[in-house]
Amino acid sequence: MASAGRVALVTGGGAGIGEAVCLRLARDGNAVGVLGQKAANTQAVAQAITDAGGRAVAVQADVSDRAQVDAAVSQVRDTLGPVTILVNNAGIEEFTPFEQIGEAAWDRIMDVNLKGTYHATQAVLPDMISAGWGRIVNLTALGAQIGAANMVHYTASKGGVTAMTRSLAVELGAKGITVNAVAPGFILTPMAQRAIDGDLFPVPYEEIVATYPIPRVGQPEEAAAAIAFFASEDAGYITGQTLGVNGGCCT
Ligand SMILES: NC(=O)c1ccc[n+]([C@@H]2O[C@H](COP(=O)([O-])OP(=O)(O)OC[C@H]3O[C@@H](n4cnc5c(N)ncnc54)[C@H](O)[C@@H]3O)[C@@H](O)[C@H]2O)c1
């Protein structure tokens, strides 16, 4: 199910699920633009790919800033070629009771998670339309499917990403572009580790995952495998779908 020979752009590619996606797509034979805010992280991921004989470039951008995203996409295009795989992975989360979510926090979550997806998708779409082929994979979340306390702004942003996924799938299907989403449950990444360290879950995370049919946390590579499938040639007749990577939890 390889997606060999394409150029992929992975937002938030310097850590966590995004890092695993970069390494997986490179292993599948694609060149990878590793986009993120932290140069040290994105450069380390790009270096790991080139050290293994692949092609990669690290580019810096905050996905909420359109000018930065456009500049980063141009750099990837100039270095690696037209982008025909996009993984909208960059995201932030925050735990705050709903009554206390301030407007700035609400806007920041929306700007990164939802508007960032709009920015990156619009920036690469001309390449996909010219190629008559494209794969867009968006990261949503289990919390947006079943609800999550103290995360209303986060889950609302991810619900928006799900709706974007379906509408873009309808709009772009005839152009050879598929648009799907992956909804992770509990994947052990720096994001999840920060929440564990900050004691931010309502009950200890071990108790949460113990209730899952597969009673453990997931690994970034397990989310990357689902994303790589949607990015592959084999997934060409699948669009508008959301695949849970959640140990069978709740859906
Ligand atoms: N880990 C989980 O259990 C889980 C569950 C559900 C959904 N998700 C989603 O999966 C995606 C990846 O999550 P993760 O756990 O790997 O997160 P992470 O925090 O471990 O990594 C996210 C990466 O995105 C980058 N990033 C953050 N804001 C950015 C911005 N404005 N511009 C560019 N890059 C930015 C970070 O620097 C980091 O490299 C996110 O969209 C997250 O919401 C994760």
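Read the figures in this text as sums done on the coordinates, not as results from a lab. These numbers were taken from a predicted model, which means no experiment stands behind them. Every residue, glycine as well, gets a Cβ built from its backbone with ideal geometry; the counts of neighbours run over all protein chains shown.
So which residues in the stretch 1-59 are within 25 Å of ALA192 (Cβ to Cβ), assigned to a helix (DSSP H, G or I) and β-branched (Val, Ile, Thr)?
ILE17, VAL21, THR42, VAL45, ILE49
Could we say that ASN138 is within 22 Å of GLY248 (Cβ to Cβ) and touching a Phe, Trp or Tyr at 6+ places or on another chain (Cβ under 7 Å) here?
The answer is no for ASN138.
Residues in the stretch 164-175: is at least one under 28 Å from ARG77 (Cα atoms), under 18 Å from the mean Cα position of the chain (by Cα) and within 11 Å of the ligand (Cβ to nearest atom)?
Looking through the stretch 164-175, none of the residues is under 28 Å from ARG77 (Cα atoms), under 18 Å from the mean Cα position of the chain (by Cα) and within 11 Å of the ligand (Cβ to nearest atom).
Restricting to the stretch 62-87, name every residue that is among the polar types (S, T, N, Q) and part of a helix (DSSP H, G or I).
Scanning the stretch 62-87 gives GLN68, SER74, GLN75, THR79.
Mind listing whichever residues of the stretch 25-44 are farther than 20 Å from ALA71 by Cα and surrounded by 24 or more Cβ atoms within 10 Å (Cβ to Cβ)?
Listed by number, the residues that qualify are LEU25, ALA26, ASN30.
Residues in the stretch 65-107 that are away from the ligand (no atom under 15 Å from the Cβ) and either on the phi > 0 side of the Ramachandran plot or of a type in the set (S, T, N, Q) (or both): how many?
Qualifying residue count, the stretch 65-107: 6.
Would you mind telling me which numbered condition in (1) closer than 20 Å to PHE229 by Cβ; (2) within 12 Å of the ligand (Cβ to nearest atom); (3) surrounded by fewer than 22 Cβ atoms within 10 Å (Cβ to Cβ) GLN60 fails?
Only one criterion in (1) closer than 20 Å to PHE229 by Cβ; (2) within 12 Å of the ligand (Cβ to nearest atom); (3) surrounded by fewer than 22 Cβ atoms within 10 Å (Cβ to Cβ) is unmet by GLN60, namely (1).
Looking at (1) away from the ligand (no atom under 11 Å from the Cβ); (2) within 27 Å of GLU233 (Cα to Cα), can you tell me which one HIS119 breaks?
It fails just one condition, (1).
What are the residues in the stretch 32-53 that are touching a helix residue (DSSP H, G or I) at 6+ places or on another chain (Cβ under 6 Å) and over 14 Å from ALA72 (Cβ atoms), if any?
Scanning the stretch 32-53 gives VAL45, ILE49.
Filter the stretch 78-94 for residues that are farther than 30 Å from GLY198 by Cβ and touching a residue at least 60 places away in the same chain (Cβ under 8 Å) and give the result.
LEU80, GLY81, PRO82, VAL83, THR84, ILE85, LEU86
Restricting the first residue to the stretch 95-110 and requiring it to be within 14 Å of SER157 (Cβ to Cβ), which pairs with a second residue that is assigned to a loop (DSSP other than H, G, I, E, B) and among the hydroxyl-bearing types (Ser, Thr, Tyr) meet a Cβ separation below 7 Å and a spacing of at least six or different chains?
So the pair list comes out as ALA105/THR96.
Please identify the pairs in which a residue from the stretch 200-227 that is surrounded by fewer than 19 Cβ atoms within 10 Å (Cβ to Cβ) has its Cβ atom under 7 Å from the Cβ atom of a residue that is assigned to a helix (DSSP H, G or I) and small (Gly, Ala, Ser), counting only partners at least 6 apart or on another chain.
Qualifying pairs under 7 Å: PHE201/ALA195; GLU221/ALA20.
Would the stretch 236-251 turn up any residue that is away from the ligand (no atom under 16 Å from the Cβ), under 30 Å from VAL7 (Cα atoms), touching a helix residue (DSSP H, G or I) at 6+ places or on another chain (Cβ under 6 Å) and hydroxyl-bearing (Ser, Thr, Tyr)?
Looking for residues that are away from the ligand (no atom under 16 Å from the Cβ), under 30 Å from VAL7 (Cα atoms), touching a helix residue (DSSP H, G or I) at 6+ places or on another chain (Cβ under 6 Å) and hydroxyl-bearing (Ser, Thr, Tyr), one finds at least one in the stretch 236-251, hence yes.
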